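Here, each number is a calculation from the coordinates, and none is a lab measurement. Here the structure is a predicted model, which is why all the values come from computation and not from measurement. Using ideal geometry, Cβ is built from the backbone for each residue, glycine included, and neighbour counts are taken over all protein chains shown.
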Amino acid sequence: MKIMAPCVLCAKESMEKAKRGESYQLPILDGELDDTGLIYARCPWGHDSVVTTMHPKHEILFNSGCKALIDGYASESVASVASALERAYEFFLRVAFRKSGLNNEPFEVVWKMVSSQSERQYGAFLFIFLHLTGNAFTEPKIVREFRNKVIHKGIIVKQSETREYVNAVFFLLRSTIKALKERCAKEYSDEINDLHEKQMALVNGRSCIAYRGLSVDSFTKDSLSDYLAELYK
């Protein structure tokens, strides 16, 4: 997956120039993001960089889906946004589990049992959401029906229909993540920090910097229109 990232060596050189009061230019590159969250890039001066992203997977996937929507790729947009929602449910479970005070090993054992079964993951999320917030979680009808129509039946949909779907998921994710942050602020930060530590372990001594590489932070905007407007910039 393509994502913007800085050159590690150029960034270090730029910081040194800034300390000396010299002008500098920091190239932002088209990097390649893999499933571990590491970004690989090469700058015009031939520097190979490894960059860690500070974004959880659901933010990355939603951002990708919105870019596909802007570019007119409706089916691709639906696929990425649907995946973003599923990974957000997983993220919610992981953070809420931290709140229980138990270590991570039992979670990984149980998660392995349901890692290929999205309906079971969703069922677990529903009960944990209820336990954590005291409220029943409800998905808008369009979220599951529209996804199934596009992903499983291969129906070609209009851009306007896709935007309606993405909008529904945006507000669903926004409210879900907001509820999680309000009740598990420390655990939320700990999950992000652990994600970064796992990425750093994979870097294996290579020059690396942490970078929030998305062109817009997910779910901080008041509307999907505001979110998409940032992507246009």
Flagged as over-length at 25 Å C-alpha distance, from 12/198; 141/221; 149/221; 186/221, the pairs are 149/221
Quick calc, the stretch 2-53, dipole around Cα centre from Cβ unit charges on Lys, Arg (+) and Asp, Glu (-), nearest 20 debye, gives 300
In degrees, nearest 10, the alpha-carbon axis of helix 141-151 is tilted away from the dominant principal axis of the alpha carbons of the chain by 70
Rounded to one decimal in Å, the inverse mean reciprocal Cα-Cα distance for the stretch 2-53, i.e. its Kirkwood radius, is 11.4
Nearest-0.05 FRET efficiency for residue 209 and residue 23 at R0 = 25 Å, using Cβ-Cβ distance, is 0.75
Here the cysteines of the chain lacking a cysteine partner under 4.7 Å (Cβ to Cβ) are 66, 184, 208
The set of residues whose placed amide H lies less than 5 Å from the amide H of residue 29, leaving out same-chain residues fewer than 5 positions away, is 5, 7
Taking a crude spin-label model, label points 7 Å out from Cα along the C-beta direction, the residue 118 to residue 183 distance in nm is 2.4
In deg cm²/dmol, rounded to the nearest 500, the helical mean residue ellipticity at 222 nm of the chain, built from -39500 (n - 2.57) for every DSSP H run of length 4 or more, is -20500 deg cm²/dmol
1/(1 + (r/R0)^6) with r = Cβ-Cβ of residue 136 and residue 40, R0 = 30 Å, i.e. FRET efficiency to nearest 0.05, evaluates to 0.10
Taking every DSSP bridge whose two residues both lie in the chain, the antiparallel percent to the nearest 5 is 75
